[in-house]
2 protein chains.
Amino acid sequence: MKAKIYVTLKPSVLDPQGKAIHHAVETIGYHGIKDVRQGKYFEVTIEDSFSPEEARAEIERMARDVLANPIIEDFRVELDSDS
Amino acid sequence: MKAKIYVTLKPSVLDPQGKAIHHAVETIGYHGIKDVRQGKYFEVTIEDSFSPEEARAEIERMARDVLANPIIEDFRVELDSDS
């Protein structure tokens with residue numbers, strides 16, 4: 001089973017890396033871009049012996065404890081049960 | 001309009017950062033994790049004057065030229081036309 005985890009900065013937190021990308025793409029001629037924010041993305045493969053509920057619980061715990069910093073980041077978990 | 005861009009290493013490319021995360025989560029007691037791969041995630045806000053087709057073309061061009069390295073990475077673009 002595969003899970004996808006998206007980690008993004010909370011909207012109230014400044015994102016200097018995203019600002020740098022925004023500035024860079026404007027410099028090289030991309031117009032019409034209003035904002036860029038960078039996040040993190042993880043693909044995790046889980047043993048098939050887990051039920052979808054167990055897998056989601058385990059992955060959400062891992063995302064909260066290890067992959068994201070809940071003080072400044074939000075995360076979202078998607079489960080691909082067919083893969 | 002918002003676009004989400006997911007950049008992942010091609011399956012044939014080794015991901016030492018993902019391997020390190022995998023090892024670390026095993027060490028602290030997460031079991032049943034078979035693999036972890038890390039990618040990048042970008043949220044881009046585009047001027048509303050763009051049509052969805054123009055926005056997708058612009059964002060795909062930006063992803064290919066700037067955000068991803070097409071030699072070792074794949075990317076996927078999703079358009080949220082309602083936001």
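Each principal axis of the Cα atoms in chain A has its own extent, and those three values, largest first, are 50, 28, 14 angstrom. In loop segments of chain A as defined by DSSP, the GluC sites (Glu not before Pro) with at most 16 further C-beta atoms inside 10 Å of their C-beta are A:Glu47.
Amide H contacts for B:Gly39 (H built 1.01 Å from N in the peptide plane; partners 5 or more residues away or on another chain; cut-off under 5 Å): A:Tyr41, A:Phe42, A:Glu43.
Each copy carries B:Lys10; placing its label point 7 Å along the C-beta direction from Cα gives inter-copy distances of 4.0 nm, listed from smallest up. Taking amide H atoms as placed 1.01 Å from N in the peptide plane, the amide H of B:Glu73 lies under 5 Å from those of B:Lys10, each 5 or more residues away in sequence or on another chain. Karplus-based coupling profile of region B:68-79, in residue order and whole Hz: 10, 9, x, 6, 10, 10, 9, 9, 9, 10, 10, 10, with θ = phi - 60° in 6.51 cos²θ - 1.76 cosθ + 1.60 and x standing for Gly or Pro. Each other copy places its own label point for B:Glu54 at 5.3 nm from this one, sorted shortest first, where the point lies 7 Å along the Cα-to-beta carbon line. Output the 0 to 90 degree angle, nearest 10, between the alpha-carbon long axis of helix B:52-62 and the longest principal axis computed from the alpha carbons of chain B. That works out to roughly 50 degrees. Considering the rotation that superimposes chain A on chain B, the residue of A whose beta-carbon lies nearest the axis, and that distance in Å, is A:Tyr41, 2. Relative contact order of region B:2-80: 53 percent, from C-alpha pairs under 8 Å at least 6 residues apart in sequence. Label points for B:His31 are taken 7 Å from Cα along Cα→Cβ. From this copy to the others they lie 6.0 nm apart, shortest first. FRET efficiency for the pair A:His23 and B:Gln17, taken as 1/(1 + (r/R0)^6) with r the Cβ-Cβ distance and R0 = 30 Å, rounds to 0.70.
Between helix B:16-27 and chain B there is an angle of about 50 degrees, using the helix long axis and the longest principal axis of the Cα atoms.
FYI, it's all coordinate maths here, none of it is from the lab. On a predicted model such as this, the values are computed, not experimentally measured, just so you know. Neighbour counts are summed over all protein chains in view; Cβ atoms, including those assigned to glycine, are modelled from backbone coordinates with ideal geometry.
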